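Some notes on the structure that comes next.
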Amino acid sequence: MEGRRFERRATEWTPGMEGKYVARGQFTGECIAVLTSGGDAQGMNAAVRAVVRMGIYCGCRVFFIREGYQGLVDGGNNIQEASWADVSGILQLGGTKIGSARCMDFRERCGRLKAAENLVKNQITNLVVIGGDGSLTGANLFRAEWSNLLEELVTLVKLVQKMPNNFIA
């Protein structure tokens with residue numbers, strides 16, 4: 001049929017990575033986490049759902065970080081593995097399913113050190129931050145300090161095994 005708008009292969013391939021196709025299972029073994037920070041806004045649940053489902057499609061283990069940066073600093077039960085079903089039926093909900101909280105601890109280096117330790121403990125290599133300007137400023141600072149934070153964790157003997165220094169924020 002000439003002029004069909006959608007091709008059958010659209011259900012098998014997903015466009016991404018600057019116009020390249022992302023194959024199912026292409027990133028098997030990677031772990032990503034998603035957190036929402038700042039005030040609630042429309043579309044946060046849609047963004048969380050997209051991250052979780054695309055991550056699973058690509059073969060990644062995906063984690064929720066509940067209560068934003070505070071959950072990242074506190075760790076424990078605030079970091080939970082996500083499944084496809086966990087994000088079913090959330091598009092129409094207001095706010096954010098995984099919560100958001102102010103975090104004064106993350107503004108200090110010792111808070112970011114705890115956050116880095118929690119990511120390493122859970123073998124999370126990629127962090128997706130959904131939020132506004134302040135949230136992304138915090139993520140950029142975390143990214144910039146990542147190498148030094150890992151070195152400090154090794155020095156403090158909190159990190160024994162060698163962790164790859166390829167963190168992507």
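Which whole-number percentage describes the relative contact order of the stretch 18-141, with Cα contacts under 8 Å and a sequence gap of 6 or more?
Contact order relative to length: 34 percent.
Enumerate the residues in the stretch 87-112 having an amide nitrogen under 16 Å from the point lying 7 Å beyond the Cα of Ala46 toward its Cβ.
Label zone hits: 88-97.
Explain nothing, just compute: Karplus ³J(HN,Hα) = 6.51 cos²θ - 1.76 cosθ + 1.60, θ = phi - 60°, for every residue of the stretch 86-100 in order, whole Hz, x for Gly and Pro.
In residue order, the calculated couplings are 4, 10, 6, x, 9, 4, 8, 7, x, x, 9, 4, 9, x, 8 Hz.
Could you calculate the contour length gain from Leu136 to Asp105, that is, 0.36 nm times the residue separation minus the distance between their Cα atoms, to one decimal place in nm?
9.6 nm
Using the beta-carbon distance between Ala23 and Ser88 and R0 = 35 Å, what value does 1/(1 + (r/R0)^6) give for FRET efficiency, to the nearest 0.05?
The formula returns an efficiency of 0.90 here.
Which residues' amide hydrogens lie under 5 Å from the amide hydrogen of Ala33, considering only partners 5 or more residues apart or on another chain, with H built in the peptide plane?
Those qualifying (amide H under 5 Å, at least 5 residues apart or on another chain) are Phe63, Asn126, Leu127, Val128.
What order do you get for 64-70, 28-34, 123-129 when each peptide is scored by the mean count of other beta carbon atoms within 10 Å, highest first?
Ranked from most to least packed, the peptides come out as 64-70, 123-129, 28-34.
The numbers here are math on the coordinates, done by the rules we state, and not lab data. Only a predicted model underlies this, so the values are computations on that prediction, with no experimental measurement involved. Using ideal geometry, Cβ is built from the backbone for each residue, glycine included, and neighbour counts are taken over all protein chains shown.
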